[in-house]
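What follows draws every value from the coordinates through simple rules; no lab data is involved. The structure displayed is predicted, hence computed values, not measured ones. We place every Cβ from the backbone using ideal geometry, glycine too, and count neighbours over all the protein chains shown.
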């Protein structure tokens with residue numbers, strides 16, 4: 001029996017984990033083994049997912065044992081291990097050397113632990129952008145619990161405050177916790193930093209200039225860099241709508257991929273690639289940007305992994321699963337491709353877009369008529385009635401969530 005070229009293992013139970021599994025199922029017909037702490041809706045009852053509920057994934061020893069058990073089931077297969085969240089990736093990279101040493105054939109397709117940590121650190125990113133002359137919000141880096149003076153702040157209030165490391169922030173809980181905070185005066189800034197410090201947050205905190213603009217001023221660049229640093233793929237996506245809940249603020253729920261031939265796109269892609277190479281990044285990266293009043297895209301943060309919006313690449317006709325197999329397993333030399341197809345990626349119903357992103361209504365209608373709209377959950381290969389029932393409820397809940405937080 002001929003084995004498929006890859007047996008994916010995905011860490012995490014969110015929609016990003018499912019989207020990754022769907023990509024490999026579509027391209028290679030394989031079910032990804034998904035390791036998750038609980039049976040979440042996105043990865044349950046799926047033709048693309050072999051779900052394993054696994055304890056101990058938060059600890060290196062537990063994750064290593066779980067991964068080795070999966071590899072031992074098919075020791076002759078080529079396993080590719082991916083993480084759908086920053087904290088899962090951080091733990092995976094702790095055990096990478098032992099895992100890849102065997103037994104079995106295992107590959108963890110990321111840069112070194114040091115590089116991935118640096119790439120995902122917003123303070124290090126701000127410093128790299130400043131060195132390269134790439135536009136980014138003015139930033140002051142402080143410690144949790146500190147009380148910076150007004151004279152040291154990077155801009156006038158309101159200011160944006162966020163942990164430099166998403167993985168470090170995941171380890172703590174404090175009153176009013178959010179992915180991104182907006183503070184309107186010095187007292188509020190000091191109070192927030194005090195709460196972070198009291199919670200035991202490690203790492204640094206970025207206090208940044210606030211770049212005005214609604215959800216549709218946001219954008220994302222998806223880039224795939226081979227192990228040797230060669231660019232295999234690059235694409236710009238323009239955000240139509242973002243999450244409005246505090247703990248997920250800033251996560252895109254709908255974006256349209258932008259042809260690379262459009263004016264200004266190539267320069268944005270080149271700036272992002274320069275930053276990633278400067279930091280030593282390889283593999284897949286998702287880079288968040290925001291367009292300022294002058295039309296300049298400012299780099300905000302880098303996600304050094306495939307997330308849910310990474311499926312926008314596959315939906316628009318450029319297969320991420322194939323990129324991983326070609327770059328890391330089959331060693332096919334990279335020939336750079338710049339995304340040219342316009343496609344709407346969404347994880348919310350189109351009715352939500354029409355209501356909360358009305359300026360994009362004509363674009364959404366045009367792409368829908370052209371058949372260029374994809375929700376990763378709507379996978380025709382899925383057959384389980386419980387799955388489709390969950391999807392229907394999930395879409396209703398999306399509408400309710402936006403009504404509650406908008």
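GNM on the chain, alpha-carbon springs under 10 angstrom: the most fluctuating residue among 106, 265, 34 is 265. Reported to the nearest whole Å, the Cα centre-to-centre distance from segment 1-30 to segment 124-159 is 39. Residue exposure proxy: 243, 270, ordered by other Cβ atoms within 10 angstrom of their Cβ from fewest to most, comes out as 270, 243. Treating r as the C-beta distance of residue 150 and residue 383 and R0 as 51 Å, the FRET efficiency rounds to 0.25.
Cβ-Cβ distance of residue 52 and residue 179, R₀ of 35 Å, FRET efficiency by 1/(1 + (r/R0)^6): the value works out to about 0.80. Write down the Kirkwood hydrodynamic radius of segment 7-108, to one decimal in angstroms, obtained as one divided by the mean of 1/r over all alpha carbon pairs. About 13.2 Å for segment 7-108. Length, then width, then depth: along the principal axes, the Cα atoms of the chain run 69, 50, 41 Å.
Ranked by how many other Cβ atoms sit within 10 Å of their own Cβ, fewest first, the residues 320, 391 fall in the order 391, 320.
The peptide list 90-98, 53-61, 148-156, put in order of mean Cβ contacts within 10 Å with the highest first, becomes 90-98, 53-61, 148-156. Compute the distance from the alpha-carbon center of segment 292-335 to that of segment 182-236, in whole Å. Here the answer is 19 Å between Cα centres. For residue 354 and residue 26, a Förster radius of 22 Å and the Cβ-Cβ distance give a FRET efficiency of 0.20, rounded to the nearest 0.05. Modelled spin-label separation between residue 73 and residue 366, with each label point placed 7 Å from Cα along the Cα-to-Cβ direction: 4.6 nm. Shape call for segment 252-406 from the C-alpha gyration tensor, a ≥ b ≥ c root eigenvalues: rounded (a/c under 1.5), prolate (a/b greater than b/c) or oblate? Taking the square roots of the gyration eigenvalues as a ≥ b ≥ c, segment 252-406 is oblate. Model label sites at residue 396 and residue 61, defined 7 Å from Cα along the beta-carbon direction, differ in position by 4.6 nm. Remark: 179, 331, 122, 290 ranked as 331, 179, 290, 122, counting other beta-carbon atoms within 10 Å and listing the fewest first.
In this simple spin-label model, placing a label point 7 Å from the Cα along the Cα-to-Cβ direction at both residue 262 and residue 170 gives a separation of 3.1 nm. Full extension of the chain between residue 132 and residue 294 yields a length gain of 56.3 nm, computed as 0.36 nm times the residue separation minus the alpha carbon distance.
Think of it as helices only: each DSSP H run of n ≥ 4 in the chain is worth -39500 (n - 2.57), and spread over all residues that comes to -10500 deg cm²/dmol at 222 nm.
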